[in-house]
Amino acid sequence: MEEKNNNIEGVDQDAPDPTLEDDVNGGGDEFFEKHDIIVDPKQSMIRLDKFLIDRLSQRSRNRLQNAIRNGAVLVDEKEVKPNYRIKPGNKISIVLPRSTEENLEILAQDIPLNIVFEDDEILIINKPLGLAVHPGVGIPNGTLVNAVAYHLRDTLERSPVGTNDYTRAGIVHRIDKDTTGLMVVAKTDFTLTNLARQFFYHTIERRYWALVWGDPEEDSGTIVSNIGRNPHDRRLFMVFDDGEDGKHAVTHWRVLERFYYVTLVECRLETGRTHQIRVHMKSIGHTLFGDQRYGGNQILKGTVYAKYRQFVERNLAILPRQALHAKVLGFTHPRTGEHVRFESELPDDMQTVIDRWRDYVNTRK
């Protein structure tokens, strides 16, 4: 048998990097790994699940069988059952939640969670400002992972939470520490594997609301460009126009409300690169309001009058972070097969600043 490409393929290979600051962690594609295997001409015909267990010995039997049941394993681009018998020349593609060799102890901590919905399989959380998703340098605990471990402490045996691999703690995507909004957490390995497939193939609906600097000429648009780390500052990401560096990223945006100096937009993610919305909107001249990392905490549009400057500075004091909220999350429920969709209200800081901009513009008419 020949593994045509044993590297992670078709996904962001930048796994969570503990050398970076904790808020450099938005995205999601880095949570999955894809293997393409070409069955050797001399391979005997054995069950698919047994073949994969032997071939990917570092993965658990349960996870590989769940991947097959979830349609995350394709043989010659078709879904098959676990008892399918492989044949020489078969091309096997498998998508799994990414594993890591890091040995990070997950400490269950009683951290309040804003739970929007919960059943036996999934947990929908409205993440607040300032809560990092996973441990990292400078943040050994006090994260969403620690909070979820505590919340599911009575069901650890059937939950992926509790292993030393934090990417198995039910987390299949992330949002930045200072971004608010909806996240889904898997409570079982079956669901974790199912959601990994949905995120990998971009069938998850993710809509963010963002307040950006400037007044876009168009009412909507699509940004398609590669995103990767800035070679001069690893804390930052940037667009690569040559198409060779970085990873393919697609963001669809549309205007919700215009305030002349700033604009409220909705961004729909087709991919999930780190800082994707922040980098993509900056690349078209509309940096997120308040985004300290990418220069949005400066006055980028408007007049030089002191009254206006004071107004903007007050808004930045109310919202001293990127004005970005994960508002809508929709996907196919792993067990029922039904489409589920969740929506959250804007946090107070972001809503207050939007209201202030609306009032400011209306008083000038």
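The values are calculated or read from the model by the stated rules, or taken from the named source; none is laboratory data. Just so you know, these numbers come straight off a predicted model, no measurement behind them. Cβ sites come from the backbone with ideal geometry, for glycine too, and all protein chains shown count toward neighbours. The area values use the complete protein model at the heavy-atom level, side chains included, leaving out ligands, DNA and RNA. Shrake-Rupley method; radii C 1.70, N 1.55, O 1.52, S 1.80 Å.
So Asp291 clears everything in (1) out of contact with any strand residue (DSSP E or B) (no Cβ under 7 Å at 6 or more places or on another chain); (2) open to solvent by 10 Å² or more (accessible area, probe 1.4 Å); (3) not polar (S, T, N, Q) except one condition, right? Which one?
So the condition that Asp291 fails would be (2).
Within the stretch 192-238, how many residues turn out to be surrounded by 18 or more Cβ atoms within 10 Å (Cβ to Cβ), not in a loop (DSSP other than H, G, I, E, B) and not basic (Lys, Arg)?
19
List the pairs whose first member sits in the stretch 112-134 and is open to solvent by 60 Å² or more (accessible area, probe 1.4 Å) and among the acidic types (Asp, Glu), whose second member is at pLDDT below 95 and in a loop (DSSP other than H, G, I, E, B), and whose Cβ atoms are under 7 Å apart, counting only residues at least 6 apart or on separate chains?
What qualifies is Asp120/Lys187.
Scan the stretch 307-324 for residues that are in a helix (DSSP H, G or I) and open to solvent by less than 10 Å² (accessible area, probe 1.4 Å) and jot them down.
The initial filter retains those residues of the stretch 307-324 that are in a helix (DSSP H, G or I), namely 307-318.
Passing the criteria: Tyr308, Val312, Asn315.
Just the residues that are of a type in the set (Gly, Ala, Ser) and either buried (at least 16 other Cβ atoms within 10 Å of the Cβ) or in contact (Cβ under 8 Å) with a residue 60 or more places away in the chain (or both), please, taken from the stretch 239-271.
First, the residues of the stretch 239-271 that are of a type in the set (Gly, Ala, Ser): 243, 246, 249.
Gly246, Ala249, listed by residue number.
Determine if the stretch 354-363 includes at least one residue that is farther than 30 Å from Gly71 by Cα, surrounded by 13 or more Cβ atoms within 10 Å (Cβ to Cβ), of a type in the set (D, E, K, R) and touching a strand residue (DSSP E or B) at 6+ places or on another chain (Cβ under 6 Å). Explain how you work it out, then say what you get.
From the stretch 354-363, those farther than 30 Å from Gly71 by Cα are 354-363; that's our starting set.
Now restrict to residues that are surrounded by 13 or more Cβ atoms within 10 Å (Cβ to Cβ): 354, 356-358, 360-361.
Add one more test, that the residue is of a type in the set (D, E, K, R), and what stays is 356, 358.
Retained after the next criterion (residues that are touching a strand residue (DSSP E or B) at 6+ places or on another chain (Cβ under 6 Å)): none.
The answer is no; no qualifying residue exists.
Being open to solvent by less than 30 Å² (accessible area, probe 1.4 Å) and under 16 Å from Ala72 (Cα atoms) is the filter here, so list the residues in the stretch 325-345 that pass it.
Phe331, His333, Pro334
Does Asn90 satisfy being open to solvent by less than 30 Å² (accessible area, probe 1.4 Å) and over 19 Å from Phe31 (Cα atoms)?
Values: open to solvent by less than 30 Å² (accessible area, probe 1.4 Å): yes; over 19 Å from Phe31 (Cα atoms): yes.
Yes, satisfied.
Testing Thr163 on (1) of a type in the set (Ser, Thr, Tyr); (2) modelled with pLDDT of 90 or more; (3) within 29 Å of Glu79 (Cβ to Cβ), one condition comes back false. Which one is that?
Condition not satisfied by Thr163: (2).
Looking at Val304 and the list (1) farther than 14 Å from Trp357 by Cβ; (2) out of contact with any His (no Cβ under 9 Å at 6 or more places or on another chain); (3) aliphatic (A, V, I, L, M); (4) surrounded by 13 or more Cβ atoms within 10 Å (Cβ to Cβ), which single condition is not satisfied?
If we test Val304 against (1) farther than 14 Å from Trp357 by Cβ; (2) out of contact with any His (no Cβ under 9 Å at 6 or more places or on another chain); (3) aliphatic (A, V, I, L, M); (4) surrounded by 13 or more Cβ atoms within 10 Å (Cβ to Cβ), just (4) comes out false.
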